[in-house]
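Derivation of every value follows stated rules applied to the coordinates shown; laboratory data play no part. Note that the structure is a prediction, hence the values are computed from the model and not measured.
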Amino acid sequence: MDVLVRARRIESFAGVATCLAGLWIAAGALLLDPDGVSSYWAAVLLGSLIAVTGGVRASAPLRLPGLSVATVALAAVLVVEPMVSRWGGGSLLVQMNQVVVGFAIALGSVAAVSLRPAPIR
């Protein structure tokens, strides 16, 4: 298999998985605790941003290599936000969902970058 084709497939798959995880974060806050919607504006916003970065990574793999770093940074914010948020009052289920999926997004993005083959010169 051509190295460039393999790299595109890896990055595209990581982008699709990231997009779906971002959509789950955004919708999961509303689905898991519909009464506490006002407490989860950050999860909805971060999930939407992660979904957009994943969509761009899936549609244009290897064109924006810095997007993987941005995805990891957004995932780190997603993990830390429930622990430092002063808004409080949210459901533990939503917060744990946010932390677990944030770790999965960060791990997947780092794995995609590390599995990407080195460019041939």
Candidates Ala106, Ala27, Ala43: whichever shows maximal mean-square fluctuation once the chain is modelled as a Gaussian network with Cα springs under 10 Å: Ala27
Give, in nm to one decimal, the length gained when the segment between Leu45 and Ser91 is fully stretched (0.36 nm per residue of separation minus the Cα-Cα distance). 14.8 nm
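Note the full-extension length gain between Leu30 and Val52 as 0.36 nm times their separation in residues minus their Cα-Cα distance, in nm to one decimal. List each step's numbers first, then the result.
Details: separation 22, 0.36 × 22 = 7.92 nm, distance 1.86 nm.
Between Leu30 and Val52, full extension yields an extra 6.1 nm.
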In Å³ per residue, the alpha-carbon convex hull of the chain encloses 86
